[in-house]
Amino acid sequence: MSSTVTDYQVRKFKEQEGKRLSYQMRKAREEGARDYQKEVKKNENMLHRMKMEYETKITNMENETEQKLAKMRKKHSKSIEMENEKLQEELVNLRTAHQQQKDEIKSAQSNELRDIKESHAKTLERAETKFKKEMLKYETVS
């Protein structure tokens, strides 16, 4: 009987030891699962926070870039406006200078034409006078 009692005690001890081990394993698994879930949740929160910070940075950079672009466009527009004004001014000056040159050329040509006409008229007068003198010579001789 002692062997049966001992067998029984050994079996009972093995059962208790098995239950205790099973309980410890279950407890360790649950604790590991809890720790794992805590880490997962912590890392997910960190990842979410990092994503939000990244998106915020991107949005801020986009806004800054848009502001810089708007400033550059405004500055460029002002530069273009100023250059267009200078161009218009230069065109007016060129047209005025051209008109003045035309007027000077017209005046010079008009004066030259008048001088030529006067010279021609004087030449005709001299020729007429000379002709009349010659005619008088012939008339007095005949």
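We did not get these values from a lab; they are worked out from the coordinates using the rules stated. Just so it is clear, the model here is predicted, and its values are computed rather than measured. All Cβ positions, glycine included, derive from the backbone under ideal geometry; neighbour counts span all protein chains shown.
Looking at the calculated P(r) for the chain, what percent of the C-alpha pair distances fall above 18 Å?
It works out to 84 percent of all Cα pairs.
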When the charge dipole of the chain is computed with +1 on Lys and Arg Cβ and -1 on Asp and Glu Cβ about the Cα centre, the Cα farthest towards its positive end, among HIS48, ALA70, GLN37, belongs to GLN37
Extreme residue, positive dipole direction of the chain, given options GLN101, GLN88, ALA28 (C-beta unit charges): ALA28
Each label sits 7 Å from Cα toward the beta-carbon; between VAL92 and GLN37 the label points are separated, in nm, by 8.3 nm
Angle check, please: helix 2-141 long axis (alpha carbons) against the longest principal axis of the chain (alpha carbons), in degrees 0 to 90, nearest 10. 0 degrees
Approximate spin-label separation MET50-ILE105, in nm, with each point projected 7 Å along Cα-to-Cβ: 7.8 nm
Over every pair of different alpha-carbon atoms in the stretch 1-70, take the mean of 1/r and invert it; report that Kirkwood radius in Å. 17.3 Å
Hey, any idea what Rg/Rh is for the stretch 70-115, computing Rh the Kirkwood way over Cα pairs? 1.48
In whole Å, how far is the Cα centre of the stretch 7-64 from that of the stretch 78-99? 77 Å
Using +1 on the beta carbon of Lys and Arg, -1 on that of Asp and Glu, and nothing else charged, what's the dipole of the chain about the Cα centre, debye to 20? 1040 debye
